[in-house]
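What follows is one structure encoded as structure tokens, with my remarks underneath.
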């Protein structure tokens, strides 16, 4: 029995139920129908006062049993055939989507991640198909992101590796003099490789949900004031002006202070990198059940066509394509995931040539 398929099990279960029902009907009919018929004859005899029924009682009883047996035989034959055929059709109908699921699963295992299950008329199987299709879509998305990551990573690593390889070959064959500037260039490229690897590791942990987030009740204003002061001390006189614009009585939030600081450092670093002159403002305000923190600059801004891509891995707009600017192109992707892991969202508004505003929300405590 353990080796039988589901279709056979369903058919046999219906068949057993049918046999039990028919057996009960036949047993009860065989034992009680003739007796009830005799009792009925006796009542007729008493009511009519005639002995005619008494003379033919035996023949009537035998005729009734014979007719009942023939009727029961035909009932079993016709009813059993109909019930068996119906059981087979029901089992086949239930098994059809399961067979489809097996075929689609095999195709998914073979790498055809675009395969999906059709809808089913059976509600339970239809819900199973929807869950399966959702899982397949997630797998397809993961595979697509993996391919994009490999492609982007190959593209990003090619430039620093080519530079390092060229300088090392030049130093080896004597075409490049071993100067301080040469070694500094090699150090910058290796540092870029190290930053890229570290950022990729952090991004992969964040996207997989393995990055630890220790939420607690946090007073954000001292953190904002400390970061604004730290970045202001590094600004040159001819550079942009950085200032804090938020009320002194900000409500506390539920967040990880280390991760909030990491997001703010990334946003402030980007604002300073692309704002040569003007102002950079850090604002905070409450809206509904969230505290919003915004970093607004008057820098180069982002083109409207590029806005949907700013939080993608390795994305750089045309105006920031230079890799010597120090960015790895992963910071905003990490920031978005860190904000989402803390229960918030991150947004961007920008106009090319006028500046940008990155803002993210955190749930109030």
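For the stretch 125-208, what is the Kirkwood estimate of the hydrodynamic radius, computed as the reciprocal of the mean inverse distance between distinct Cα atoms, to one decimal in Å? Kindly include the intermediate steps, with their values, before the conclusion.
On the way: mean 1/r = 0.0623 Å⁻¹.
After inverting the mean inverse Cα-Cα distance, the result is 16.0 Å.
Here the stretch 175-240 was treated as a single set of alpha-carbon atoms; its pair distances binned every 10 Å from 0 give 15, 18, 34, 24, 7, 2 percent. Global size of the stretch 216-363: 14.7, 41 Å for Rg and Dmax (C-alpha atoms, Rg to one decimal, Dmax whole). Each part gets one Cα centre, and for the stretch 210-234 versus the stretch 335-351 those centres are 16 Å apart.
Please compute, over every Cα-Cα pair in the stretch 93-165, the percentage with a separation greater than 20 angstrom. Across the stretch 93-165, Cα pairs with separations above 20 Å total 48 percent. Taking packing as the residue-averaged number of other Cβ atoms within 10 angstrom, the listed peptides 169-181, 128-140 run from highest to lowest as 128-140, 169-181.
Sort 292, 74 by Cβ crowding within 10 Å, fewest neighbours at the top. Don't skip to the end; give the middle numbers.
Details: 292 17, 74 10.
Lowest to highest Cβ neighbour count: 74, 292.
Counting every alpha-carbon pair across the stretch 173-290, the share separated by more than 26 Å comes to 43%.
Spin-label pair residue 354-residue 193: with each label point 7 Å from Cα along the Cα-Cβ axis, the two points sit 4.4 nm from one another.
We did not get these values from a lab; they are worked out from the coordinates using the rules stated. Worth saying up front: this structure is predicted, and the values here are computed from it rather than measured. All Cβ positions, glycine included, derive from the backbone under ideal geometry; neighbour counts span all protein chains shown.
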